[in-house]
Amino acid sequence: MEKYSKIIDGWFSEICPMWPGISLSLEIDKILYSKKSKFQQIDMFQTKNHGRMLVLDGIIQLTQSDEFAYQEMMAHVPLFAHPNPEDVLVIGGGDGGILREVGRHDGVKTIDFCEIDEDVIKVSKEFLPDLACGFDDPRVKIHIADGNAFVLEQKNKYDVIIVDSSDPIGPGEVLFEQPFYEGLKKALRPNGVIATQGESFFLHKECVTNLVKITRELFPIQAYSNFLVPTYPGGHLGANLGSLGPELKKPFRTIPENFQKQLKYYSPEVHEASFVLPYFAQKMFEAL
Ligand code: SPM
């Protein structure tokens, strides 16, 4: 672990200048892995009450206790908003959790996966098999590359692109900038949909409004879906969505019963409800 976060008396405290004055702490049982990769510090902890926890450069990426909320919403909101997603690109998320969720869609034919840090995949395969099972899907093709550079090479290729980025500090920074979004748009087919890690409008107003502005300038339809993840600071996160065709706020397709039964967070009702924003956030986005 490095940067600002620390472990004191067996408690990991996540400290980050992007959310000053607030810190989330989890009680730790054991450090399972701690090493610097070519790109970042990778830590895997056994927490006392929240399962295993993946931390990159001192920032919590997921805990086993509630990772389903993030992965299901980031994957199923854009995929169910699209009439017929066949070719999907996932950028980032070396833990494999988003791939696990995309893989539940039988109609999806190919899943390209681009991750900059091969070591995150290796560590997740060892310590997070319930997420890394996403890599076992034969439709997944892994590209170890910089997400921004990879996207700029793709044209008119994908129905849905999901960007499971870390925060805009470190390797993830470029994924929050306009040229990357221009690349995402070009990489989509007509009717394509993007969903990008949209941070929290409680904690990072400037970052979130900037993402919304960029998306609105480039995409005819933009919407912001918000959901709960207790082990992210503030307990809240959002997905920023852009569409070249489909309406985003209602699922286009019904969810089969056996599919729904496998999930813990997403449902058609949650899909629609996630776009209803607190009044201050609604006004903040309207004012842009
Ligand atoms: N597949 C899970 C990877 C998680 N990627 C997103 C992590 C975001 C962590 N920071 C959240 C900060 C709260 N705004």
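Rule-based calculations on the coordinates, nothing more; no lab input. Since the model is a prediction, treat every value here as computed from it, not as a measurement. Neighbour counts are summed over all protein chains in view; Cβ atoms, including those assigned to glycine, are modelled from backbone coordinates with ideal geometry.
Numerical summary
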item	result
Interatomic Cα distance distribution for segment 205-251, bins of 10 angstrom, percent	26, 46, 25, 3
Estimated FRET transfer efficiency when R0 is 22 angstrom, pair Lys48-Gln262 (beta carbons, to 0.05)	0.20
Per-peptide average of other Cβ atoms within 10 Å, ordering 80-92, 44-56, 136-148 highest first	80-92, 44-56, 136-148
Structure-based [θ]222 nm, the chain - -39500 (n - 2.57) summed over DSSP H runs of at least 4, per residue, nearest 500	-8000 deg cm²/dmol
Ratio Rg/Rh, restricted to segment 1-109 and using Cα atoms, in which Rh is the Kirkwood radius	1.05
Highest-first arrangement of 261-267, 72-78, where packing means the average Cβ count within 10 Å	72-78, 261-267
For segment 204-288, Kirkwood radius (reciprocal of mean inverse C-alpha pair distance, Å)	14.2 Å
Nearest-ten-degree value, helix 118-127 long axis tilted from longest Cα axis of the chain	70 degrees
Relative packing of peptides 110-120, 205-215 - highest average C-beta neighbours within 10 Å first	110-120, 205-215
Kirkwood hydrodynamic radius of segment 73-187, Cα pairs, Å	14.1 Å
Karplus-derived HN-Hα couplings along segment 93-104 (A = 6.51, B = -1.76, C = 1.60, θ = phi - 60°), whole Hz, x at Gly and Pro	x, x, 6, x, x, 5, 4, 4, 6, 4, x, 6
Length-normalised contact order of the chain in % [C-alpha pairs under 8 Å, at least 6 apart]	17 percent
Those aspartates and glutamates that a straight Cα-Cα span of less than 13 Å connects to Lys250, excepting residues fewer than 8 apart in one chain	Glu269, Glu272
Principal axis dimensions, largest first and in whole angstrom, of segment 86-145 by Cα	30, 24, 14
For the chain: Kirkwood Rh in Å [reciprocal of mean 1/r, alpha carbons]	18.9 Å
14 Å beta-carbon shell around Asn210, net charge (K/R +1, D/E -1)	-3
Cα gyration tensor of segment 5-62 - equivalent ellipsoid semi-axes, whole Å, descending	16, 16, 9
